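A.B. asks: Questions regarding the structure given below will be posed in turn.
Bear in mind these aren't lab numbers, they're just calculated from the coordinates by the rules spelled out. Because the structure is a prediction, the values reported are computed rather than measured. FYI the Cβ positions are ideal-geometry reconstructions off the backbone, even for glycines, and counts take in every protein chain you see.
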């Protein structure tokens, strides 16, 4: 038998509940906040539990349960599990859980079905919880002190915490019973409508290489489905893009210095009514309408799930490689879901941004190479892939909505296979820009092709929402061969997850990271976005044109709106003066780190990182941008 252990929502307070444990109430178990980005795969867990039938709602049946990679499967016995003869399976990471301590009941709401379990004895689990609390406190001290002796002393306990954390990331932790526990001791399961919550809040914070999806048409009780076993790899530790463990302990900030300002007093209509149908990149906006990131950093956000490219670079089958490339394309839109409250800063001509992430295995550089039209170019490389693009966005206000139309092509090469993938971007639209609840929509078709080989192609459709259909944010895709035959199907939602195949045997390729709990107060930033503008002592070698050094953006991040607005106007005036000088001298601006190619696109001149290393940017002449 197994014991199912659920942690309380107050994980950040080291699992200490704010209410007495004996009360008879339901608690929704939220996802792990923060946690480890690099974890080891825990052992599989299995055993008998009692499951309550869906209809009629009475009677308990003994079933054999099996937990692996966050998927909880069950059948009549272990032999059925081994043969793939399942009565059902639950993706715990996409479910909402609630617990009632007094009766030891557990609700597991998987949307399509509701599962009922009950725990008779949690004494062993409580002991593990107490031990975990002490270990987490020890590890926090370890991260602050970086003490080598402490690392050695905690080697064994760290492995336990990592394994513990891994299972809970999927919302469920199963601990094997002690030898003295009776095998027939049951566990039971119960779910109420109170446990329903946003799927986005229950998403896990790590990449699932392969998972099994239970289809909406599958019955929760006695429908047999066959599921093939799939290999699992944690890309952070085991993919070709992984790095040594020394980079893992690098702590980055998890909170902005100041929450986002209240811009409800600003009349957007007064600002925009004279600019309907115009390109808003040329319209001056109050700093309160901005977020403390700019377009160059937004380009870097598209690499949040770069592990998908690492997986593609280690996949031999060209059709499967296209699956990972296509999923990476979709993942680049995930961070925009909560970002309707503000616009990014427009980079000034010559502004740059660097992002060196050894923990993710890539380094990134971007530069504003043109002002009219505004063009941002970027380049990222790792030992597994090269990524580059130049973006020319047109932002237009149409009265109730603002449309963002990107122009340009995005490129990724995989040197291992000689692949060169190219794709376009879809249109984005922010609805209810003046009143009501704002929401963002992406629609259109993306075509991905490998210019080095015509063996396969991919088309992804971002489905436009219809007023008679409540389903939004859906994506559909197909990977075809040279004859147009569909080899793989993709489906999902761009802000949640992407699956490959057909239910009930579809495979989860990617899930969005959990959004920070206080995201609404901090511009809707993801954890990755919060880290992008961080400035610390390790970044002494930045050029003076780097976005992290931009004064108005930094002041907005710190909550000083009045000073930020003054600096924004001063920086924009400096740009106008530099432009006038160029016009008077009949010269054009020359970007430092990018060059124009023959096909009129901007590509890296491959000088940034060499100059950064030797002789350094201090000896290079840069314009005064701020």
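A.B. asks: What is the packing order of peptides 407-415, 615-623, taking the mean over residues of other C-beta atoms within 10 Å and listing the highest first?
C.D. replies: Result, highest mean Cβ count within 10 Å first: 407-415, 615-623.
A.B. asks: From the convex hull of the Cα coordinates of region 524-626, what is the mean projected area in square nanometres?
C.D. replies: Result: a mean projected hull area of 9.3 nm².
A.B. asks: Label-point separation (nm) for residue 398 and residue 534, each offset 7 Å from Cα along Cα-to-Cβ?
C.D. replies: Result for the modelled spin labels: 3.9 nm.
A.B. asks: Taking every pair of alpha-carbon atoms in region 524-569, give the share separated by more than 11 Å as a whole percent.
C.D. replies: The proportion of pairs with Cα distances above 11 Å equals 70 percent.
A.B. asks: Here's a follow-up. Once the cut-off is 15 Å, how many percent of the Cα-Cα pairs in region 338-384 end up in the long-distance tail?
C.D. replies: 56
A.B. asks: Just grab the label-to-label distance for residue 517 and residue 542, each label 7 Å out from Cα along the Cβ direction, in nm (one decimal).
C.D. replies: About 3.0 nm, to one decimal.
A.B. asks: Need the full-extension length gain, residue 581 to residue 562, defined as separation in residues times 0.36 nm minus the C-alpha distance. One decimal, nm.
C.D. replies: Contour length minus the Cα-Cα distance gives 3.9 nm.
A.B. asks: Among 434-443, 330-339, 450-459, how do they line up from the highest to the lowest mean number of other beta-carbon atoms within 10 Å?
C.D. replies: 330-339, 450-459, 434-443
A.B. asks: Expressed as a whole percent, how much of the Cα-Cα distance distribution for region 285-333 exceeds 12 Å?
C.D. replies: Percentage above 12 Å: 67.
A.B. asks: Note the per residue figure in Å³ for the convex hull of the C-alpha positions in region 245-603.
C.D. replies: Looking at region 245-603, the number lands at 163 Å³ per residue.
A.B. asks: Quick check: residue separation of residue 252 and residue 607 times 0.36 nm, minus the Cα distance between them. What number comes out in nm?
C.D. replies: Net length gain for the segment: 125.0 nm.
A.B. asks: Now a separate question. If packing is taken as the average number of other Cβ atoms within 10 Å across a peptide's residues, how do 559-565, 498-504, 78-84, 297-303 rank, most packed first?
C.D. replies: Ranking, from highest mean packing down: 297-303, 498-504, 559-565, 78-84.
A.B. asks: Just the ratio, please: alpha-carbon radius of gyration of region 569-626 over 2.2 N^0.38 Å, N its number of residues.
C.D. replies: Taking the Cα Rg and dividing by 2.2 N^0.38 Å, one obtains 1.38.
A.B. asks: Which parts of region 360-395 would a label at residue 427 reach, counting a residue when its backbone N lies under 19 Å from a point 7 Å out along Cα-to-Cβ?
C.D. replies: 392-395
A.B. asks: Continuing with this model, one more query. With r defined as the distance between the Cβ atoms of residue 489 and residue 85 and R0 fixed at 30 Å, what FRET efficiency is calculated, to the nearest 0.05?
C.D. replies: 0.75
A.B. asks: Still on this structure, I have one more. By how many nm would the segment from residue 590 to residue 482 grow when fully extended, if each residue of separation counts as 0.36 nm and the alpha-carbon distance is taken off?
C.D. replies: Full extension from residue 590 to residue 482 adds 34.6 nm.
A.B. asks: What do you get for Rg/Rh of region 428-556 when both radii come from the Cα atoms and Rh is the Kirkwood radius?
C.D. replies: So for region 428-556, dividing Rg by the Kirkwood Rh gives 1.08.
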